[in-house]
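The values are calculated or read from the model by the stated rules, or taken from the named source; none is laboratory data. Since the model is a prediction, treat every value here as computed from it, not as a measurement. Here the Cβ positions follow ideal geometry from the backbone for every residue, glycine too, while neighbour counts run over all protein chains shown. All accessible areas refer to the heavy atoms of the entire protein, side chains included, with ligands and DNA or RNA removed. Shrake-Rupley method; radii C 1.70, N 1.55, O 1.52, S 1.80 Å.
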Amino acid sequence: MKSINLDITKAAQFLSEDAVKAYEPKVKVAQEALEAGTCPGNDFLGWLHLPSSITPAFLDEVQAVANTLREKCEVVVVAGIGGSYLGARAVIEALGNSFAWLINDKKNPTIMFAGNNIGEDYLFELTEYLKDKKFGVINISKSGTTTETALTFRLLKKQCEAQMGKEVAKDVIVAVTDAKKGAARTCADKEGYKSFIIPDNVGGRFSVLTPVGLLPIACAGFDIKALVQGAADMEKATGKDVPFEQNLAAQYAAVRNGLYNEAGKKIEIMVNFQPKLHFIAEWWKQLYGESEGKDGKGIFPASCDFTTDLHSMGQWIQDGERSIFETVISVEQPNKKLLFPHDNENLDGLNFLEGKRVDEVNKMAELGTRLAHVDGGVPNIRISVPELNEYYIGQLIYFFEIACGISGNVLGVNPFNQPGVEAYKKNMFALLNKPGYEAESKAIQERLAQEA
C-alpha cells in the first residue's frame, strides 16, 4: 500500500539553513517522553498505541451493534460535542456521498449530528424532521452531564420512546461512556442499553479510534478495520526509533515549531482543495487548538476550503499580515471521473479545457495557489493523500495525533488537558443558577450589576 506523504521544502525555505534539522534533538526528547510516559498529561496517553492494540474481535463487536442500528433505523443521530463527534463526522463526510442527506439510500441510514450546540431552532427542526422516522441515538458522553449533549439526549430519548415504544427504543439507543460512573453510565445500565466504554486514558480529541468514532463510522457503512489498519501502519511508520528524515510526524512537529519560534508565524491555516475534507479540518482545529493553546502559547489553528475561500480569504492570505503559514492536504486521485465538455458557442471561453478531467483543473488551481502564496511570503507545508478511503484516512488521523503530542511537548505545554474550556461552563452554570453554584451566581450577578 502507498502512504500519505509530507513535503516541507516550501516551509523550510523561510527558516535559516538546517533550522528544521536543529529541532531533531528536541523532537526526539519529546517523543521519547511520550513513549516513557514522563511528559505532562501522561495519564492521557492511551491513544499512543491504540491502533495496534485494537483486536479484530473488538471491531467485530462494534460492527455487530452498528449492523443492528443499520437494520432498524432510517436515521442514526450521534449526540456528542467536540471530540465526541468531530472525528466521526470528519471520516463520514470525507468518505461519503456529498449529497447523502438528500438520497433515499436503502443500504445506509442517514447519520446526523446533534448535541454540539444549544440552538433551539436547530433542535426543534431536528425533532420535527425525526417525527415520521425510525431513528436511533448514539449518546457519546463520558460524564453524561455535558450540557449541550445531555440536553439533546433527553429530548431524543423521550421522542424515540414515544414514537417507537420503550422496548424498541432500548435496542436503538447506544451509550458510549465511562465504564463505571456518570449519568450516562447510570442511564444505560438502568434502561438496558448496549454500551461501549470510553477509555479513561484517552481524551476526547484523541478518541476517534475508540467506539466514540468507530461506532458512528461503522453505522455509516464504512470499513472500520481498514481505518484502524491505516492508523496502525502509521503508528509503526512514526515510531520513536524511525529516523528523523523518514518520520513524517517528527518533521511536521519540527517545522511547525520552527516557523512559530524562529519566523514568528503564529497562525496555521489548514487548507484543502477537496470539499469532502472540510470536517477533517474542523477535527484538526480542535486537536491542535485544545492541545497547544495554553500558558500564553500556541499556534492558532484556522482552516479554509479552496478554491471557495480564495474568493474571500484569499486576498488576506496573499497580501495580509505575514503571521501565517499554510498546511495543504492534497488528494492525489479522486474516486470519480468527470470530463469537461465542449460547448459550441464557447461564451465562457473555456473550450481550451475540453476533454480534461475536472480534477486536473483543480490540481492546477492548487499548484498555482501554492506558488502564489509562497511568492507572497506564506510558508507552505503539503500533505498528499493517495486517495480518499478508510485506510488513508486512518493514516492521516494517527499522523496528526502523534505529531500533535510531539509538537505540544516541544512547545512546553501539557497537550492533553484543557483547563480553559471550563471557564465558560462555570459562568453559564452560575447564570442558570445551577445547584452548587450559589456563590458564583451571586458574584456574577454583582459583576453584571456594576457593568450595567
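For the stretch 345-452, which GluC sites (Glu not before Pro) are in a loop by DSSP, counting at most 16 other Cβ atoms within 10 Å? Sites meeting the loop and neighbour criteria: E345, E354, E387. For the stretch 1-126, what does the alpha-carbon gyration tensor say about shape, rounded, prolate or oblate, given a ≥ b ≥ c as the root eigenvalues, a/c under 1.5 as rounded, and a/b over b/c as prolate? Taking the square roots of the gyration eigenvalues as a ≥ b ≥ c, the stretch 1-126 is prolate.
For the chain, calculate the relative contact order in percent as a whole number, restricting contacts to Cα pairs under 8 Å that are 6 or more residues apart. Don't skip to the answer; put the middle values down first.
Details: 745 pairs, mean separation 105.1, N = 452.
Relative contact order of the chain: 23 percent.
Here E446 and H49 are evaluated by their C-beta separation; at R0 = 45 Å the FRET efficiency comes out at 0.35.
With a 1.4 Å probe and every protein chain left in place, work out the accessible area per residue of the stretch 49-222 in Å², rounded to a whole number. Kindly include the intermediate steps, with their values, before the conclusion.
Working: 7760 Å² over 174 residues.
Averaged over the residues of the stretch 49-222, the accessible area is 45 Å².
Taking 7 Å steps out from each Cα toward its Cβ at Q246 and S384 produces label points 2.0 nm apart.
Taking the accessible area of the chain, probe 1.4 Å, and keeping the other protein chains in place, the carbon and sulfur fraction comes to 54%. Between the alpha-carbon centres of the stretch 1-55 and the stretch 172-190 there is a gap of 35 Å. For Y85, the shell of other residues with beta-carbons less than 12 Å away shows a net charge of -1, using +1 for Lys and Arg and -1 for Asp and Glu.
Here's the picture: a label point sits 7 Å out from the Cα of N97 along the beta-carbon direction, and within the stretch 43-87 the residues with their amide nitrogen under 19 Å of it are 70-77. The simple Förster model, with R0 at 30 Å and r as the Cβ-Cβ distance, assigns E17 and W316 a FRET efficiency of 0.50. Cα centroid separation, the stretch 299-328 to the stretch 374-436: 18 Å. Between F58 and F352, the contour length at 0.36 nm per residue exceeds the Cα-Cα span by 100.5 nm. On a per residue basis, the stretch 266-366 carries 53 Å² of accessible surface, using protein heavy atoms and a 1.4 Å probe. Say R0 is 56 Å: what FRET efficiency, to the nearest 0.05, do N417 and L339 get from their beta-carbon distance? The pair N417/L339 has a calculated efficiency of 0.65. Among the listed values (1) 41; (2) 35; (3) 55, the one computed from these coordinates for percent of Cα pairs over 33 Å apart is (1). Quick check on the stretch 49-222: take the gyration tensor over C-alpha atoms, sort the square-rooted eigenvalues as a ≥ b ≥ c, and tell me if it's rounded (a/c under 1.5), prolate or oblate. Taking the square roots of the gyration eigenvalues as a ≥ b ≥ c, the stretch 49-222 is rounded. You can think of it this way: the chain between L431 and E360 has 20.1 nm of extra reach, that is 0.36 nm per residue less the Cα-Cα gap. Sorting the segments 315-321, 412-418, 139-145 by their mean number of nearby beta carbons within 10 angstrom, highest to lowest, gives 139-145, 412-418, 315-321.
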